[in-house]
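Novice: After the structure tokens below, expect a handful of questions from me.
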Amino acid sequence: MAQPYRSIGKSYYVATKRLVSAMECYGLKLMLLCPIVSPEFKKLSESQARSVCRQDVDLEVVGIESGPASIESTYESVMAEPFAVEKIIEAEKHGFDAVAITCMCDCGLHSGREQVNIPVTSALESSVLLASALGLKFSIVTIADSLTPLFLRNLRSIGVESNLASIRSVDIPVLELQSDVEKTREALLRESEEAIEKDGAHVIILGCTGMTGMAQWLKEKIHLPVIDGLEAAVKLAEVLVDMGLSQSKRTYPKPPVKEIRGVYKRLVTA
């Protein structure tokens, strides 16, 4: 049983050594992946990502061509995932050092990690790991109560469910969050104060990357840490490349080669 893992270890060493060498020579080449088809959201994500990236980061923001306009359910996440994974595979082939997924449903995170050696991060996982380091309990303020089961399943998978104080919602759809920023901010502040006073939250996580850019404003209002998922995914990707680290191939082994038919065949042959 040891032999396959020696092989995996050697491949992992070579891959991470290449990551470090590329970073030293050219800076960090990062793909920010928006797993939806909304051009407006892509522009918003690019603006916020560029404001937090290091100066040596060569950032490219990409979306998917097929899929939902936004992700507000497990169903929509599943619809988008194959096309998100396709972009992750393309990122490695085109010499990117890492991929950061701007989605609080972590669409494509685990399946994408199986397909590539470069590090892949995503908004929810990055946010809750960071929140767990900053405070005893965190609350997620998201867009709708209907997302609670999805978040709970993901938190259990990550292993941080015991750190959760609550999940609250502003009851504003993703594509409307930026159309009335004052309304969104008021709802965020209201639900965050409730999470702190009633639920015992020590840290607040913005539960939708459509809320990006509002963390600093909210932090100044509540005087506690507030985490923007897009920023967390981008900065964790930078750290992983800096440290020469990527996902373990014992956790995310390459899928076996087999026949795949239909629309998904292009994911194998791309």
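The values are calculated or read from the model by the stated rules, or taken from the named source; none is laboratory data. Everything quoted here is computed from the prediction, not taken from an experiment. Here Cβ is always computed from backbone atoms with ideal geometry, including for glycine, and neighbour counts include all displayed protein chains.
Novice: In the set ARG54, ARG50, which member is touching a residue at least 60 places away in the same chain (Cβ under 8 Å) and either charged (D, E, K, R) or in contact with a Cys (Cβ under 8 Å, 6 or more places away or on another chain) (or both)? Before the answer, list the steps.
Specialist: Numbers: ARG50 fails: touching a residue at least 60 places away in the same chain (Cβ under 8 Å).
Going through ARG54, ARG50 in turn, the sole match is ARG54.
Novice: Being assigned to a helix (DSSP H, G or I), closer than 27 Å to GLU238 by Cα and out of contact with any Pro (no Cβ under 6 Å at 6 or more places or on another chain) is the filter here, so list the residues in segment 127-149 that pass it. Write out each step before concluding.
Specialist: To start, the set of residues in segment 127-149 that are assigned to a helix (DSSP H, G or I) comprises 127-134, 145-149.
In the following step, the residues that additionally are closer than 27 Å to GLU238 by Cα were identified as 127-134.
Once the filter is applied, which keeps residues that are assigned to a helix (DSSP H, G or I), closer than 27 Å to GLU238 by Cα and out of contact with any Pro (no Cβ under 6 Å at 6 or more places or on another chain), segment 127-149 yields SER127, VAL128, LEU129, LEU130, ALA131, SER132, ALA133.
Novice: Here's something else I'd like to know. Specify the residue that is farthest from THR74 (Cα to Cα); the eligible residues are those in segment 104-126 that are assigned to a loop (DSSP other than H, G, I, E, B) and of a type in the set (Val, Ile, Thr). Break it down into steps so the answer makes sense when it comes.
Specialist: Going residue by residue through segment 104-126, those that are assigned to a loop (DSSP other than H, G, I, E, B) are 104-108, 116-119.
Retained after the next criterion (residues that are of a type in the set (Val, Ile, Thr)): 116, 118.
Values: VAL116: 24, ILE118: 26 Å.
By that ranking, first place goes to ILE118.
Novice: What are the residue pairs meeting all of these: first residue in segment 250-261, first residue surrounded by fewer than 12 Cβ atoms within 10 Å (Cβ to Cβ), second residue among the basic types (Lys, Arg), Cβ atoms under 6 Å, and 6 or more apart or on different chains?
Specialist: Close Cβ pairs (under 6 Å, with a partner that is among the basic types (Lys, Arg)) do not exist here.
Novice: Inspect segment 175-198 for any residue being surrounded by 14 or more Cβ atoms within 10 Å (Cβ to Cβ), within 22 Å of LYS137 (Cα to Cα), touching a residue at least 60 places away in the same chain (Cβ under 8 Å) and not hydroxyl-bearing (Ser, Thr, Tyr) and give the result as yes or no.
Specialist: no
Novice: Name the single residue, out of those in segment 191-247 being in a helix (DSSP H, G or I) and polar (S, T, N, Q), that is nearest to SER38 (Cα to Cα).
Specialist: Pass one, segment 191-247, residues in a helix (DSSP H, G or I): 191-199, 209-211, 215-222, 229-242.
Narrowing further to those that are polar (S, T, N, Q): 192, 209, 216.
Details: SER192: 28, THR209: 13, GLN216: 25 Å.
Among residues in segment 191-247 that are in a helix (DSSP H, G or I) and polar (S, T, N, Q), the one nearest to SER38 (Cα to Cα) is THR209.
Novice: Looking only at segment 164-189, which residues are in a loop (DSSP other than H, G, I, E, B) and of a type in the set (A, V, I, L, M, F, W, C)?
Specialist: Narrowing segment 164-189 to residues in a loop (DSSP other than H, G, I, E, B): 170-173, 177-180.
Matches in segment 164-189: VAL170, ILE172, LEU177.
Novice: So which of MET23, MET31, MET79 ends up being modelled with pLDDT under 95, surrounded by 13 or more Cβ atoms within 10 Å (Cβ to Cβ) and either in the same structural domain as ARG113 (by TED's automatic domain parsing) or small (Gly, Ala, Ser) (or both)?
Specialist: Step by step, each of MET23, MET31, MET79 is checked, and only MET23 is modelled with pLDDT under 95, surrounded by 13 or more Cβ atoms within 10 Å (Cβ to Cβ) and either in the same structural domain as ARG113 (by TED's automatic domain parsing) or small (Gly, Ala, Ser) (or both).
Novice: Would you tally the residues in segment 75-103 being in contact (Cβ under 8 Å) with a residue 40 or more places away in the chain, on the phi < 0 side of the Ramachandran plot and in a loop (DSSP other than H, G, I, E, B)?
Specialist: Counting residues in segment 75-103 that are in contact (Cβ under 8 Å) with a residue 40 or more places away in the chain, on the phi < 0 side of the Ramachandran plot and in a loop (DSSP other than H, G, I, E, B) gives 4.
Novice: Being among the acidic types (Asp, Glu) and more than 22 Å from SER162 (Cβ to Cβ) is true for just one of GLU186, GLU194. Which residue is that? Break it down stepwise before answering.
Specialist: Working: GLU194 fails: more than 22 Å from SER162 (Cβ to Cβ).
Just a single option satisfies the conditions, and that option is GLU186.
Quick grid of which residues meet (1) at pLDDT 95 or above; (2) outside the structural domain of GLU161 (by TED's automatic domain parsing); (3) hydrophobic (A, V, I, L, M, F, W, C):
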{"site": "GLY213", "(1), (2), (3)": "no, no, no"}
{"site": "GLN216", "(1), (2), (3)": "yes, no, no"}
{"site": "LYS221", "(1), (2), (3)": "yes, no, no"}
{"site": "SER246", "(1), (2), (3)": "yes, yes, no"}
{"site": "VAL257", "(1), (2), (3)": "no, yes, yes"}
{"site": "ARG261", "(1), (2), (3)": "no, yes, no"}
